[in-house]
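Here is the structure we will look at, set down as structure tokens.
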Amino acid sequence: PKYVYEFSEGNKDLKDLLGGKGANLAEMTNLGLPVPPGFTITTDACRHYLEHGAMPDGLDDAIAASLATLESAMGKRLGQADDPLLVSVRSGAKFSMPGMMETVLNIGLNDESVEGLAAQSGNERFAWDSYRRLIQMFGKTVQDIDGELFETAIEQVKAQKNITNDLDLDAADLRKLVEVFKGIVAEQTGGEFPGDPRRQLDLAVKAVFTSWNAPRAVLYRRQERIPADLGTAVNICSMVFGNLGMDSGTGVAFTRDPASGQQGVYGDYLQNAQGEDVVAGVRNTVPLADLERLDAHSYNELLAIMETLENHYRDLCDIEFTIERGKLWMLQTRVGKRTAAAAFRIADQLVDQGMITLDEAVLRVTGDQLAQLMFPRFDETAERRRLGRGMNASPGAAVGKAVFDSYTAVKWSRSGENVILCRRETNPDDLEGMIAARGILTSRGGKTSHAAVVARGMGKTCVCGAEELDVDTKNRRLTGPSGETIEEGDVISIDGTTGEVFLGEVPVVSSPIVRYFDGEIDPASDQADDLVRAVHRIMHYVDAARRLYVRANADSAEDAARARRMGAQGIGLCRTEHMFLGDRRQLVERLILADTDKEQQEALASLLPLQRDDFIEILESMDGLPVTVRLLDPPLHEFLPDITELSVRVAVAEARGEKHENDLRLLQAVHRLHEQNPMLGLRGVRLGLVVPGLFTMQVRAIAQAAAERTRQGGRPRPEIMIPLVGTVQELEIIRDESLRVLREVGEEYGVELDFPVGTMIELPRAALTAGQIAENAAFFSFGTNDLTQTVWGFSRDDVEASFFSAYLEKGVFGISPFESLDIDGVGRLIRIAVEEGRAARPGIKLGICGEHGGDPASVHFFHQVGLDYVSCSPFRVPVARLEAGRAAA
Ligand code: PEP
Ligand code: MG
């Protein structure tokens, strides 16, 4: 295979092979933009190296050939003593992993070529600074030397000279540092810093390959669900220098604001600096707009290039560039990450500008982003004390206790605390703490600093660069501009939408997007801002485009009404168990304790009107739309008092000689109903078969409620659903009884009650015998919670809190199968049941009502497999609508 591609040979669609950076460098090269020449080593080569521990055959020659081409294009050789070609060696995987993998700059410098570089540039300081950077970066990333050793050496020189700024180190200081650094290398590795340029290059390439499996990279991939076996490409690019003086510099730019989506000029620029200085946020940058004043020519060229790129990619692009003595160079571009609000706004603007169609626009936003926009935010009318302000790096409202290191963030959050991670700046070692925290606050670095980029990627609230705050990580303290102090554990509130930081807890309010979905904000009125209008336009479009219907899981009239406002087209699961709690528990106790048929009938008779009234309300809320009512599912002991409590009560009463007959009977019942494994015990359809009259009472209540609604002029559309069926025989018995009750009540009321009776598919056996079951079921609804539980043999109530974190850490799965459907296992059963169910009963209605109904990836699967609807909690309804539309687009 071809392991090396010149930039001019690739294009943006080769991300699998060339990584994102390499593919886009190639694309820019072919667009005629000023990209320093270079070449890319493929991910194939990386995978080979990681698998075999050795470079593939032919790679060495391919690198030599491309290097020779590069050298002849540049008119100088790598590391040439009197005029060296220098190159950068940068990682670049298919998916961007900011700061997770390695980069080495200035490859090609050694004791001779540093003099050549000094002579050629006429800048001795620059040459020695570049050399010490090479030894430092090479030492850290290739030779695994603790970076602190180099930092400390720099600090010592600065202290001796009594200076604080790196820029005040002169050529002689840097020359001295190079010697010190070489000493560190010798001491730490027992060898010399390699002066041979080609050897430097080869070692750097291997280090980049190896960094694919660095712990922080592994963790990041798991978090972002990036496959572990992709490998990284390596880009070898001729160096251009932003640190040649004040007419040089380096920066990052966005074609639109990645936080808000507004059009304009966004970015940061740093004079006299080399690439990583900006992203690391170690020195403070100026806004990109200031570049116009500093270097109008480069600024105008950059703006023109940004326009070219946006028109070419038809999307927001982010860019890294360097200016070397007034000449602009493009070092990187890609379709940029953005916040949820920016995603909707940009998609909407691009449609307006005729750049993309609405069909494309729906693919530019996701259900996860929509869910983020539905998060609550701080109440602007509440009293609040502002501590300071930074940059609005990633939106949201986060409240928590201030912590100052990653370790404490993880520890406290494990014990249930909400924490805000406060750092001067973050680096990849802070990743775990960032994941654990509710929000992230830094006092340094811009919107492109590590903290900002990573937080946006995770959808986590972040305020960065709050310079008026002094973050003292050593003493675990944060000090405000007027001397207010926040100690570790004190509560603060951070607003990632405005960049504000508040003392104490600020109350949060619902988001305008939720108010829009709730019908409180009319998208056509001037109450609606451009974000509401963008969301409205896209939702309107996906509703027309999707094939899946979206229903809600709701078991009260209130939830039903809310779900309907959110766009639910019916109820896919009305659980009836809550209707037996509260005051009604006593009636259930009477039912369970009944010794005679008569007592049992009386208990059921007293439950009937209560149930009927519940159903009347729900059917009214969902008038005209289907309401799937599930007959009682949980084991009966859930309705009885706790066994320990009850035993104590009985014992105490006994000791005091008090009357306790009733409690004693209850206790006996609890013992009788006690099961080792209640989720696999007497529940679901099994209750209907062994507790006489229970299910028929529920069906009667549904039938009477529907008859009442019809009398009131409504259009009730209940559907009766039988849970936990494993064999068609169970279903047949309950179905026949149900149809009989419907007929009886219909005759009583003189109305036709011809409602569908169907079943849940939530046991593997039900899925595997779906053909038989379908003959007796008007519909199937997949109960993917129980189906996941029974397919994996995972207790759904226990495992997530017990060993799932270990499973996620070890990469057994990337996400809990209770959260996102296990398509290979559970999904396979669903596929079988859909096929065999449809074959046996063409036109059978198929839905899903487990938690997966509101999970974006799962919704796409349900669309593909051909279900008719998904049902999810009311708040997820908009997310499911959007994803159903995206699946169909
Ligand atoms: C299911 O099992 O997926 C389901 C919807 O039912 P429940 O969660 O009530 O068991
Ligand atoms: Mg279930």
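In the chain, a dipole from Cβ-located charges (positive for Lys and Arg, negative for Asp and Glu) runs towards its positive end, and of 569, 741, 242 it is 741 whose Cα lies farthest in that direction. In the chain, a dipole from Cβ-located charges (positive for Lys and Arg, negative for Asp and Glu) runs towards its positive end, and of 714, 684, 376 it is 714 whose Cα lies farthest in that direction. Taking the Cα centre of region 492-541 as origin and assigning +1 to Lys and Arg Cβ atoms and -1 to Asp and Glu Cβ atoms, the resulting dipole is close to 200 debye.
Here the label points at residue 665 and residue 170, each 7 Å from Cα along the C-beta direction, are separated by 10.1 nm in the simple model. Taking Cβ atoms as reference points and 10 Å as the exclusive limit, the residues near residue 630 contribute a net charge of -3, counting Lys and Arg as +1 and Asp and Glu as -1.
Each other residue within a Cβ distance under 11 Å of residue 746 adds +1 if Lys or Arg and -1 if Asp or Glu, for a net charge of -3. With a cut-off of 15 Å between beta carbons, the residues surrounding residue 866 carry a summed charge of +4, where Lys and Arg count +1 and Asp and Glu -1. Helix 661-673 and the longest principal axis of the Cα set of the chain meet at an angle near 60°. For the chain, the antiparallel share of DSSP beta bridges with both residues in that region comes to about 65%. Estimated purely from DSSP H runs of n ≥ 4, each contributing -39500 (n - 2.57), the mean residue ellipticity at 222 nm for the chain is -14000 deg cm²/dmol once divided by its residues. Residues whose amide H falls under 5 Å from that of residue 226, counting only those 5 or more places apart or on a different chain, are absent, with hydrogens built in the peptide plane. Equivalent ellipsoid of region 249-335: semi-axes from √(5λ) of the C-alpha gyration tensor, largest first, are 19, 14, 12 Å.
Here residue 161 is the anchor, and the lysines within straight C-alpha reach of less than 26 Å, apart from those fewer than 8 places off in the same chain, are 140, 176, 182, 474. With both labels modelled 7 Å from their Cα along Cα-to-Cβ, the residue 798 to residue 864 distance reads 3.3 nm.
Counting only residues at least eight positions apart within a chain, or on another chain, the aspartates and glutamates with an alpha carbon under 18 Å from that of residue 158 are 129, 148, 166, 168, 170, 173, 179. With θ taken as phi - 60° and the Karplus curve 6.51 cos²θ - 1.76 cosθ + 1.60 applied, the whole-hertz 3J(HN,Hα) list for region 778-790 is 6, 8, 10, 10, 6, x, 6, 5, 5, 5, 5, 4, 7 Hz, x standing for glycine and proline. Remark: region 375-509 projects, on average over all directions, an area of 6.9 nm² (convex hull of Cα atoms).
3J(HN,Hα) couplings calculated from phi for region 372-384 with the Karplus curve 6.51 cos²θ - 1.76 cosθ + 1.60 (θ = phi - 60°) are, in sequence order, 4, 5, 8, 4, x, 9, 5, 6, 6, 8, 6, 6, 8 Hz; Gly and Pro show x. Packing here is the average count of other Cβ atoms within 10 Å per residue, and on that basis the peptides 119-128, 65-74, highest first, run 119-128, 65-74. Going from the fewest other Cβ atoms within 10 Å to the most, the residues 166, 786 appear in the order 166, 786. Relative to the longest principal axis of the Cα atoms of the chain, helix 15-30 runs at roughly 50 degrees. Dimensions of the chain based on its C-alpha atoms, expressed as ranges along the principal axes with the largest first, amount to 106, 65, 59 Å. Cross-link reach is defined here as a Cα-Cα straight distance under 15 Å, omitting same-chain residues fewer than 8 places apart; for residue 401 the aspartates and glutamates meeting it are 417, 487, 488, 490, 495, 505.
Shown is the FRET efficiency for residue 51 and residue 509, computed with R0 = 60 Å from the Cβ-Cβ distance and rounded to the nearest 0.05: 0.65. The magnitude of the dipole of region 375-509, with charges of +1 and -1 set on the Cβ of Lys/Arg and Asp/Glu and taken from the Cα centre, is near 280 debye. Semi-axes of the equivalent ellipsoid for region 447-516, computed as √(5λ) from the eigenvalues of its C-alpha gyration tensor and ordered from largest down, come to 24, 17, 10 Å. Based on the Cβ-Cβ distance from residue 578 to residue 474, what FRET efficiency comes out when R0 is 51 Å, to the nearest 0.05? Computed FRET efficiency for residue 578 and residue 474: 0.45. Among the listed pairs 12/76; 460/845; 206/411, a Cα-Cα separation exceeding 32 Å is found for 460/845; 206/411. Note on 444, 90, 838: ascending count of other Cβ atoms within 10 Å places them as 838, 444, 90, the fewest first.
Charged side chains reduced to their Cβ positions (Lys and Arg at +1, Asp and Glu at -1) give region 4-238 a dipole of some 660 debye around its Cα centre. Extending 7 Å from the Cα toward the beta-carbon at both residue 682 and residue 151 defines two label points whose distance is 6.5 nm. Length gained on full extension, residue 296 to residue 602, computed as 0.36 nm times the residue gap minus the Cα-Cα distance: 101.3 nm. The fewest-to-most ranking of 48, 674 by surrounding Cβ atoms within 10 Å reads 674, 48.
Read the figures in this text as sums done on the coordinates, not as results from a lab. Computed from a prediction, not measured in an experiment: that's the story for all the values here. All Cβ positions, even for glycine, are placed from backbone atoms using ideal geometry, and neighbour counts span all protein chains on display.
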